[in-house]
1. The conditions are (1) at the interface with chain B (Cβ under 10 Å from one of its Cβ atoms); (2) surrounded by 20 or more Cβ atoms within 10 Å (Cβ to Cβ); (3) outside any helix (DSSP H, G or I), and A:Met205 fails exactly one of them. Which is it?
2. Hey, can you tell me all the residues within region A:492-530 that are among the acidic types (Asp, Glu) and either closer than 30 Å to B:Leu38 by Cα or in the same structural domain as A:Gly208 (by TED's automatic domain parsing) (or both)?
3. Evaluate region A:558-568: report whether one residue or more is touching a Phe, Trp or Tyr at 6+ places or on another chain (Cβ under 8 Å) and farther than 19 Å from B:Asp162 by Cβ.
4. Suppose we keep only residues that are among the hydroxyl-bearing types (Ser, Thr, Tyr) and either within 14 Å of chain A (Cβ to nearest Cβ) or part of a loop (DSSP other than H, G, I, E, B) (or both) within region B:239-278. Which one would you say is surrounded by the most Cβ atoms within 10 Å (Cβ to Cβ)?
5. Of (1) within 7 Å of chain B (Cβ to nearest Cβ); (2) not in a loop (DSSP other than H, G, I, E, B), A:Met185 satisfies all except one. Which?
6. Might you let me know whether region A:400-410 holds any residue that is in contact with a helix residue (DSSP H, G or I) (Cβ under 7 Å, 6 or more places away or on another chain), of a type in the set (A, V, I, L, M) and either assigned by TED's automatic domain parsing to the domain that holds A:Ile542 or free of Cβ contacts under 8 Å to residues at least 40 places away in the same chain (or both)?
7. Only one of A:Leu111, A:Leu130, A:Leu104 is aliphatic (A, V, I, L, M), surrounded by fewer than 20 Cβ atoms within 10 Å (Cβ to Cβ) and outside any loop (DSSP other than H, G, I, E, B). Can you tell me which?
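The values are calculated or read from the model by the stated rules, or taken from the named source; none is laboratory data. Bear in mind the structure is a predicted one, so any value in this text is a computation, not a measurement. Positions of Cβ are backbone-derived with ideal geometry, glycine not excepted, and every protein chain shown enters the neighbour counts.
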2 protein chains.
Amino acid sequence: MRTHFCGLVDEALIGQTVTLCGWADVARNLGGLCFIDLRDHEGIVQIVAEPDADMAGNADVIAAASQVGYEDCLRVTGVVRRRQSVNDKIRTGQVEVVATKIELLNKAEPLPFHAHENAGEDIRLKYRYLDLRTPEMQRKMRTRIKLVQALRRWLDARDFQDIETPILTKATPEGARDFLVPARMHPGEFYALPQSPQLFKQILMVAGFDRYYQIARCFRDEALRADRQLEFTQLDMEFAWVGERDVQDTTEEMIRSVFREVMGVELASEFPRMTYAEAMRRYGSDKPDLRIALELTDVAELVRNCEFKVFSDWANHADGRVVALRAPGAAALSRKQIDDYAAHAAKHGAKGLAWMKIEDAAKGRDGINSPIAKFLDDATLAAIVSATGAQSGDAIFFGAATYKSASDFMGALRLKLGKDLGLVADGWAPLWVTDFPMFEWDDEEQRYVALHHPFTAPAVDDAADLRANAKTAVSRGYDMVLNGNEIGGGSIRIHNSQMQSTVFELLGIGAEEAEGKFGFLLDALRFGAPPHGGIAFGIDRIAALMAGTESIRDVIAFPKTTTAQCLMTGAPSPVPDKQLAEVHVSIRPKAQP
Amino acid sequence: MRTHFCGLVDEALIGQTVTLCGWADVARNLGGLCFIDLRDHEGIVQIVAEPDADMAGNADVIAAASQVGYEDCLRVTGVVRRRQSVNDKIRTGQVEVVATKIELLNKAEPLPFHAHENAGEDIRLKYRYLDLRTPEMQRKMRTRIKLVQALRRWLDARDFQDIETPILTKATPEGARDFLVPARMHPGEFYALPQSPQLFKQILMVAGFDRYYQIARCFRDEALRADRQLEFTQLDMEFAWVGERDVQDTTEEMIRSVFREVMGVELASEFPRMTYAEAMRRYGSDKPDLRIALELTDVAELVRNCEFKVFSDWANHADGRVVALRAPGAAALSRKQIDDYAAHAAKHGAKGLAWMKIEDAAKGRDGINSPIAKFLDDATLAAIVSATGAQSGDAIFFGAATYKSASDFMGALRLKLGKDLGLVADGWAPLWVTDFPMFEWDDEEQRYVALHHPFTAPAVDDAADLRANAKTAVSRGYDMVLNGNEIGGGSIRIHNSQMQSTVFELLGIGAEEAEGKFGFLLDALRFGAPPHGGIAFGIDRIAALMAGTESIRDVIAFPKTTTAQCLMTGAPSPVPDKQLAEVHVSIRPKAQP
């Protein structure tokens, strides 16, 4: 239907006749002289319809051009010529096409919103195809496409085997709720959509595939936050006969390679490495954003005997933490602003937020403005200022709570202060976080829960050792973190059936339950399972980071809303009862508990 | 953990120390001299543990080697040396590795079946990982992996955009039953799994993506036949601003390219093209296997006035067909064999199967053995023999029924005779089938049904014309056929909302229903939809053809049985009622209609 792309018409074509197809991006009629910006996948070129005695059928062309409306689909034949007034903003700005024929292929009705206006997200999602047509959305989506291409090319070249695993599978409790699919041929039974291909990829290692990958769709029926979707995409990888450094070094090189290829960015030649304990201590987070230079300072030793009870109580608590955070230049914050930070900390679990403004460091106590200063003696005040490195004009914020809670809310405060105070450095800050705890104790359920998942190997090889030291056991899990986002997470897996049974037991999964749910994995581990490990990378998140957008919805062609709906198709929707009968379910009456 | 792959140890490594990981494929203990065939993803190498006074710790090595069992996971360090007795059957057959250290990484329990034995399919599916370890299954799976890689590489190089479409979507009636997923956040509502990304890919063209592809998972809740799965994979493609030859020529070149790359096979430089009508007439099938030279011969004109009522009735019927098939050398068939062919034809709809053995063509009627000969005069007999080209020693089979039915069962008979008589030529016979009818009339429902799907464009551009000639209307659909398999199917789509509404109406889909189900498509067609078309290729089937297997289960890592079960994981399975309550459904009591 066409000889060239609109966006690729260039000076080499001057004098030639071309046929182009595209959308009328803009059409202007200047008294018989018509200009149309014709747009396709590659860009825009200017079409001119002008009176010219030499051109046959020219009146038709002008008539057609003068009726062109916004987003009409056109086919235009014409001759390329050099443009009088060059347009530097577009790639084809040196040339224009003088139309000899204009065909209207499909008339567009008036649009619900204009591409150049700032429409609300709901209407953009309802008419997703109009939104996706904008250059900005095209750029974001194509960044994702390039990312996935670059990953695949890298993996294929290294003999990773791209293997599809089932979508209709068995419920596998990985911490989130499964989507269920009633089985028509098995009344009362259900398939589940996979939360990840975790068990299948481990089975593939037992099956001898050595190195596996899949760009895999995963499903979690969770409450949706701004950055979550019901279905998401991960680069899922698994390696046989490896230790953690094999997985880490390989995938670190892969991430460096795709950033180079897609973004022209050179990431650190060796990613920093940090244990979970160090990350929590210095940054109050297991996914620290290293672009922000601020660090937490432990001050429990300095306030252990002070009169401020909140400090001294937590400083003396076995599981307590008292931590300070220097905020450079923050002495100028108003009371209102400080209250806002306290509210932010509260949202992340703080019961209160103590603060100190260092108005003049040379003046000691007299230079400090703080509601808690009166509870602290001169030496303590000086020690705190010295420990945090605070200067005149800075503020110091304090958290005192359990170790976990104080770390969490001070970590959150650190991020917010970093952004608000303009302390986020440009660029990319990747790192590995390692040595995660194997288990967390769940007070409510009175049992251990797995910090990664139940298939993660402990650092110890001996099941009795693990059982004896479960509380402090460290796992062989690792996360890749980029600019404060966990973009990848993985581990060396348990490859020994006895160790796997022990971990199930510690997690409160009885032998019978384990056999019912994971019997096939326990079997597989008994019949020649090689040591293996892997990782999964969040494609949506990495694509969003690369595209420079906060929302993963911008890099998903047809995303769902936070209320789990597709505004374009109207999914989910009611279905006729006849269809439900075929799959042996009925809708539960609302009254029923 | 290793320095080399077992299967890649070669003469260049002689004298060097290597560390290998793998499974013990075979272990033989010959009185203190132990041989282990160590196998990994790349192949097998022979390990030797032998007494040698010079080697430190050598007794340990022999002790370890003598305890190795079938499929144990081992790590072996040793020195590569030239082998005394070369083994030509394996790539590493020139060398062996003299072990200096053998570590048992994971002991394998006795296996439920041995890789070299011919176990039943059920047990192979239950222990799928053991089955996948066999060289034959590895070869089949890797053929599929190579196919998908080659396709992606070809498409990426040509700027096709790889875009993911949702798995949790809206019910779209495409002829098969949808899988339903109850929506937790919307009580009484359901998502459906996509039967194909059809509407999404059309929307992507409206959204300006120009050329799209996706290796897409699709779902159909149909009765399973041997070659069907609940979920299957297709290469889904769509092109904007194209006619059918653009799609066909591009994808034909793609298929040629991947066959060259994966199989080293050069397909025809231009695929033959055949209309649906011609395919039905000559081969009784819309996916003719052109490797079989047999063709159907219409004989209605010859038997219109004969005394054999079945023939003359159908020959005079407006929608009847009387057709003959020459079976070379089939005069030797026994009565029992002929009965078997009649049963085969009956399975495909035949009410009976008339036949004629041409025992001696020179003898006219006397040389013909046939129960129906007595109803046919000499001239008719001679005309039939002549029309079919039958020779002495051949048989002729006859079908008489509606055009569709006679074509179907005679087409099926043609395939079976072709195979049984050894008339299937070697090699690959691709072709395009085009000009499908737009609609089929459904007697039961008293309405038209779409032969492709409701979004396929008719050959005519005018809605009134289509309405007036619906019965004989031809669509812009096309199939790619290979060796009797429909490996790809597609069409130019309707891009005009009025034409789309007309087609819905002809299909008995009322305006309100159309708006409810396809309103977003009708909208999209109104807001600047370019002419577009596409195609989808069945990856499972193409992979099976390339791998030389009849069953697509051999090229799917974790397939389901014909009873829709995964024997390895045990899916589907019952779920606790609490989980059903969360998604607002309950199991329907069996008694309830």
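1. (3)
2. Hit for region A:492-530 is A:Asp523, nothing else.
3. There is at least one residue in region A:558-568 that is touching a Phe, Trp or Tyr at 6+ places or on another chain (Cβ under 8 Å) and farther than 19 Å from B:Asp162 by Cβ.
4. B:Thr250
5. So the condition that A:Met185 fails would be (2).
6. Taking every residue of region A:400-410 in turn, none turns out to be in contact with a helix residue (DSSP H, G or I) (Cβ under 7 Å, 6 or more places away or on another chain), of a type in the set (A, V, I, L, M) and either assigned by TED's automatic domain parsing to the domain that holds A:Ile542 or free of Cβ contacts under 8 Å to residues at least 40 places away in the same chain (or both).
7. The match here is A:Leu104.
Each row is one residue, and each column tells you yes or no for (1) touching a helix residue (DSSP H, G or I) at 6+ places or on another chain (Cβ under 7 Å); (2) more than 30 Å from B:Asp131 (Cα to Cα); (3) surrounded by fewer than 19 Cβ atoms within 10 Å (Cβ to Cβ); (4) of a type in the set (Lys, Arg).
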{"site": "B:Ile36", "(1), (2), (3), (4)": "yes, no, no, no"}
{"site": "B:Ile44", "(1), (2), (3), (4)": "yes, no, no, no"}
{"site": "B:Glu71", "(1), (2), (3), (4)": "no, no, no, no"}
{"site": "B:Val79", "(1), (2), (3), (4)": "no, yes, yes, no"}
